[in-house]
Structure formats: C-alpha cells, structure tokens
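The values are calculated or read from the model by the stated rules, or taken from the named source; none is laboratory data. Note that the structure is predicted; figures quoted are calculated from it, not measured. Here the Cβ positions follow ideal geometry from the backbone for every residue, glycine too, while neighbour counts run over all protein chains shown. Only protein heavy atoms, including side chains, enter the accessible area calculation; ligands, DNA and RNA are left aside. Shrake-Rupley method; radii C 1.70, N 1.55, O 1.52, S 1.80 Å.
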Amino acid sequence: MREDENRLAVYAARESGSRGRLRAEPSAAYRGEYQRDRDRIIHSTAFRRLVYKTQVFVNHEGDLYRTRLTHSLEVSQIGRTVARALRLNETLVEAICLAHDLGHTPFGHAGQESLNACMREYGGFEHNLQSLRVVDELEAKYADFPGLNLTYESREGILKHCSASNARQLGELGERFLERRQPGLEAQIANLADAVAYNNHDVDDGLRAGLLGIDQLRGQTLFADCYDEVRARYPELEDRRLIYEIIRRMIDTVVTDMIDFTQHGLDQYRPETIDDVRTHSAPLVAFSEEINHLHSELKRFLNEHLYRHENVRRMTDSAKEMVEQLFTAYLADPGLMPADFSGRAGSGDQSAKARVVADYIAGMTDRYAIKEYERLSG
Ligand code: MG
C-alpha cells in the first residue's frame, strides 16, 4: 500500500516515482516502500550494534554519553521535523537518518582513520561507502538477496559523499558524484540533520565529561545568545537544566533557520519534480549565511577543544593500535575470523582478502574489538 502522497510537495520523493530496488519485490500489503526500508534498517544487525559503538567517547567510558545509536535517533528526530515542515517525505528521511552511520567502525573516527590507513594499498576505507555496503551486500538476513535490498532513494541518501574512483564503480548511484548533481531533498535533510545533531549533543557530552566549560562555550555566539536568554529568564537555574535549556534553544535556532531558508529557496527556484532538485547547481536544503557561519564556527570549536582534547585522544590512540593489530592478524591468517568471513577471504586475491577483513573489523562493536584484541594478543 502506498503512503498518502497528496500531502507531499511536488518536489518530494514519492514511492510512485521511485527508481525501485536493485531486485524487484512484490509490494507489501499495508506498508509503503520507504516504510519497509526503514523497518529493514531497524531490524538489521548493523543497526543493533550501533548501541555499542563510539560516537566521541569510547563506549565503556560512561553510560551517559551518546553512542552511534542514540546519535542516529537524534539525527532522525531532527530530520523528520524538517521533512514534515517542508512537506517532504518524512519516512524516507527517517530511513536515511537511521542508516547513515551503519558503516562506522568501532572507536569512532580513530577507528575509521586507522582502518583507512590499513586499507591504503587496497582501495582505502570510507565509513560512508561502508554504510552502503552494509545495506547492499553485508547484511545476511534474506533468502532471496544479499543486503537489505533498499530502494534507490534510500541508497542515494545513505551515500553522502564518495571519491571519484569509488563512484565510477557504483553505476547509477555513483553518477551524481562524477556529474556534480544533487541527491533528493530528503537526502539533503539527513545530511544537515547529522551535523545539527552532533554539533549540539557533543556540546552536551563535552560539558558532562568536564572537557568543555560553560564560560569557554560562551565565546560561541550560538551558545552565548541562548545562554543569555535562559539566564535572563531563569537566573537561579542549576547547571544541568541550564545546559539543556540552552541546547534545546540552539537546536531550535538552527532547525528553524534551515526550514525557513530552504522554503525560501524552494519558493524562488520552484522545482517541479525531484529530478529538478537533482539537477540544481547546489543543495537546496541549507542554512542562511549567518547561521551557516555560526554553525561552522561551533564545529571548528568542537574540533579543536573536544575531538582533539588530550583525554579523547588518549582513548583513541589505543583504539588505533587495536584496529591495526587486528587487521594485520586477520590478513595474515583469515582463519582467525569466523567461518563466513574466512570462507569469503580464502577465495580472493590479497586485495579482496583485505576487503573482507575490513568488513569484519568495521562491523565490530567497541567491546567486541577489545575482546578480540585481547584474545589475539594473549
Ligand atoms: Mg552521523
């Protein structure tokens, strides 16, 4: 059954105009195609593993920090709000947001950098491309096909960026990176919702971890404006609630700006179909210049003061070491991996073997990687 498409704007993604799945399937009795995509993602093994994967803080450092799973849920919440306000396809946005980090390695960016370095001679490792590999090939649940067999529009949204050499191998899905076209608006929303989510929850986690201070953050205009507003209204508020009142206002500021600015652009450009969106010279989902500037400032600030903070780096350095050692061990002896992986590795050349090892490591949770490391290093 198709979702009600009458409420959607003309330039929204719609199932009736979908480019379909890699392998055709009969439609479901009471769910739309993007609903099925979202549901398959939620039921996937990779999605469940996100709960034990690092966002910024290594998973076992504390119970209160965001994990990849809670990050993905926050991205989805923000994305759905924007989609609904702009009369775009909310279910498709939800599917893309929930899947966008499925290919992330254990240990956050440290894990990704390390695995990419290990894979340098074998085509490299991009976590975003890996998310696509997860839904296209690696999930092993269905009798009739590998992966989740998602619709083109979900896959287009999951693949946010891609190197030219990888794009050339992806057929239709890779074309836009070579021809500099845009994805649909739903994909564009998911992309910005990701940035809004981490910029804000990392402020929260950074404060909670004691690595950032309120006074230090008051140097950031987005934070300072909301701080002043909350302080003026609630002079006695304690820090924990103060911080949350600030962050909810920060999210509201940038999300409102994104909705207004994007709607304004759509009213001016007047795309008539999703393909008009795809051929537009730049993404139509965007912040105003002012908010874009402040949002990027905050991102730079977090980069300098949180992601590169000594305490964060100390955790991530040991993570890099573990990923490297695991990679070397499995590549030398694929038999150390479970049978389905060692079987796949056995039949290929060195480069194909390395790809199987990368798939195996990328799928690990933080704690499983640590356990494996301890097992292999005695
Ligand atoms: Mg993300």
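Between residue 252 and residue 273, how high is the FRET efficiency from 1/(1 + (r/R0)^6) when r is the Cβ-Cβ distance and R₀ = 35 Å? Nearest 0.05.
0.65
Give me the number: length gained by fully extending residue 317 to residue 5, i.e. 0.36 nm times residue separation minus the C-alpha to C-alpha distance, one decimal in nm.
107.4 nm
Would you mind working out the magnitude of the charge dipole of region 184-303 relative to its Cα centre, with +1 at each Lys and Arg C-beta and -1 at each Asp and Glu C-beta, to the nearest 20 Debye?
280 debye
Per residue of the chain, what 222 nm ellipticity follows from adding -39500 (n - 2.57) for every DSSP H run with n ≥ 4, rounded to the nearest 500?
One gets -18500 deg cm²/dmol as the mean residue ellipticity at 222 nm.
If R0 is 41 Å, what FRET efficiency do you get for residue 308 and residue 264 from their C-beta distance, rounded to 0.05?
Using R0 = 41 Å, I get an efficiency of 0.70.
Report Rg(Cα)/(2.2 N^0.38 Å) for region 314-377, keeping two decimals.
Normalised Cα radius of gyration, region 314-377: 1.08.
Where the accessible area of region 5-312 is counted over protein heavy atoms with a 1.4 Å probe, how much of it, in %, is carbon and sulfur?
The value for region 5-312 is 45 percent carbon and sulfur by accessible area.
Each label point is 7 Å from the Cα along the Cα-to-Cβ direction; what then is the distance between the points at residue 178 and residue 351, in nm?
So the two model labels end up 1.7 nm from each other.
With charges set only on the Cβ (+1 for Lys and Arg, -1 for Asp and Glu), what does the dipole of region 119-208 come to about its Cα centre, in debye to the nearest 20?
It comes to approximately 220 debye.
Can you figure out the FRET efficiency of residue 77 with residue 121, using R₀ = 35 Å and their beta-carbon distance, to the nearest 0.05?
0.30
Give me the distance between the Cα centres of region 5-35 and region 152-216, rounded to whole Å.
Here the two parts' Cα centres lie 23 Å apart.
In region 166-250, which GluC sites (Glu not before Pro) are in a loop and have at most 16 other Cβ atoms within 10 Å, using DSSP for the loop call?
236, 238
Between residue 163 and residue 215, what length comes free when the chain is fully extended (0.36 nm per residue of separation minus the Cα-Cα distance, one decimal in nm)?
Stretched fully, the residue 163-residue 215 segment lengthens by 14.7 nm.
Fully extended, how many nm does the chain gain between residue 224 and residue 367 (0.36 nm per residue separation, minus their Cα-Cα distance)?
Computed gain between residue 224 and residue 367 is 47.7 nm.
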